[in-house]
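The values are calculated or read from the model by the stated rules, or taken from the named source; none is laboratory data. Here the structure is a predicted model, which means the values were calculated and not measured. All Cβ positions, glycine included, derive from the backbone under ideal geometry; neighbour counts span all protein chains shown. Only protein heavy atoms, including side chains, enter the accessible area calculation; ligands, DNA and RNA are left aside. Shrake-Rupley method; radii C 1.70, N 1.55, O 1.52, S 1.80 Å.
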Amino acid sequence: MSDDYLIFRPDDVDLARSPLRKSIDAPTFVLGAFNPGLTRLPNGNLLLMVRVAEALRDPVQGDCARAIRWTPGGYVLDRHALHGIHMDDPRQFALRDRNPRLLGLTSLSWLLPVELSGDARCIVAVHYDKAIEPSASFLEYGVEDARISLVGGSWWMTVCGVSAERHCTAMYHSVNGLDYKLLGVVLDHQNKDMLLFEGKVGGKYMALTRPLGEVYFTYPEDGEWLGGPAINMAQSPDGLHWKPLDTPGIRARKGTTSTQRIGGGSQPVLTPEGWMLIYHGVEKQGAVGIYRSFWALLDKDDPSKILRQEDQVPLLEANPTLTADIAHQMYLPTPVVFTTGVADAGDHYIVANGEADLACRITHLPKERFR
């Protein structure tokens, strides 16, 4: 078997067991099963927390587009008049003449725990009974892009919560790696890609964050930084209350392909050399951009000190051969690989990725690659 393969695809999801079946009878399909959080369970197996983007088969009905929304009483379909929206992206629509932009989604995401063998070569179980669905108003349009870190003997999972209220980071917690309890919002609007370090620094929890905004300011023309969305860091006494560090984190540099934005990918793990992490860099192209994975090394005692930032040669790029047999399900116009977790496997790392916002990709990378 190859060391680079798809382990879970849209057709692997049994929609008869979807949480949406409780109150939505309109036909749906899996737009993508992707961007999985990754952790190792107490039994030695690995867990993928797969994002399932479940979309209406017919999002347009008559003169309206429909969107799925969670409510305390069940899922409902909201209607938006076609004359008032743009629908030029298969993942979303935008209300016309609104500044800032107001978006609606063509799918709703929930999380599906998929248990793998310890070497990530095969699926052991799909835990539909432990699926995570929206359960609060700040998650009403979906629970997206889980990232899991094992810290101090328990598992902390961040997700992106989507709602009309805010686009936030919410925290879940588990004592066994498989059953998760929602703790609430930890980062406010458009502060995403939060990843806890797998270990405390100076007795405090540490995390990568990635705030987004409408306005950024330029660096000097002769400086090395591009400006724009970057990876920041924050610390917490308890994993719930976070203070940003005063110093900047990992930033996009001039002369690289990361011209649009960068953001965290895998949870930082401690190595003899320091904290190793994989992050994504986005090259501006079209509406989505080209996503690639790069890596960095942070000082073990002061992670604000960046020892290495390997941003010239990608660690991973999208691999069209992996998706060749599901090419008919592709919907993104540009290549995308989105790293979401890493697990130690002795002489190599097992790296989890979303491939093309469509499927879950596993890549085995020798540790020598990071030295």
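For region 222-319, what % of the accessible area comes from carbon and sulfur atoms, probe 1.4 Å?
Carbon and sulfur together cover 49 percent of it.
Please sort by residue number the GluC sites (Glu not before Pro) in region 194-261 whose DSSP state is loop and whose Cβ has at most 16 other Cβ atoms within 10 Å.
Passing both the DSSP loop test and the Cβ count: E214, E221, E224.
Give the calculated FRET efficiency between V124 and V76 to the nearest 0.05, with a Förster radius of 25 Å applied to their Cβ-Cβ distance. Mind dumping the intermediate values first?
Values: r = 35 Å, r/R0 = 1.42.
The pair V124/V76 has a calculated efficiency of 0.10.
Roughly what % of DSSP beta bridges within the chain run antiparallel, to the nearest 5?
100 percent
Where the accessible area of region 116-170 is counted over protein heavy atoms with a 1.4 Å probe, how much of it, in %, is carbon and sulfur?
On the way: 900 of 1760 Å².
Its accessible area is 51 percent carbon and sulfur atoms.
For R371 and T334, compute 0.36 nm times the residue count separating them, minus their Cα-Cα distance, and round to one decimal in nm.
My answer for the length gained is 10.3 nm.
Mind ranking Y216, Y75 by accessible surface for me, highest first, 1.4 Å probe?
Largest accessible area first, the list is Y216, Y75.
Take the alpha carbon gyration tensor of region 241-371, find the square roots of its eigenvalues, order them as a ≥ b ≥ c, and report rounded if a/c is under 1.5; if not, report prolate when a/b exceeds b/c, else oblate.
Oblate, since a/c reaches 1.5 and b/c is not below a/b.
Once amide H atoms are built 1.01 Å from N in the peptide plane, which residues 5 or more positions from L212, or in another chain, come under 5 Å H to H?
The answer is N191, K192.
Which percent of the accessible heavy-atom area of region 1-107 goes to carbon and sulfur, probe 1.4 angstrom?
Carbon with sulfur: 48 percent of the solvent-accessible area.
Hey, can you find the accessible area per residue of region 31-114 for me, probe 1.4 Å, expressed in square angstrom? Present the calculation step by step, with values, prior to reporting the outcome.
Numbers: 3610 Å² over 84 residues.
About 43 Å² of surface per residue is accessible.
For region 190-333, what is the accessible area per residue in Å², given a 1.4 Å probe and the full set of protein chains?
Accessible area per residue: 47 Å².
Restrict the search to region 1-52; then list the trypsin sites (Lys or Arg not before Pro) that DSSP places in a loop and that have at most 12 other Cβ atoms within 10 Å of their Cβ.
Passing sites in region 1-52 do not exist.
Just the accessible area for Y331, please: 1.4 Å probe, Å², rounded to the nearest 10?
Rounded to the nearest 10, the figure is 40 Å².
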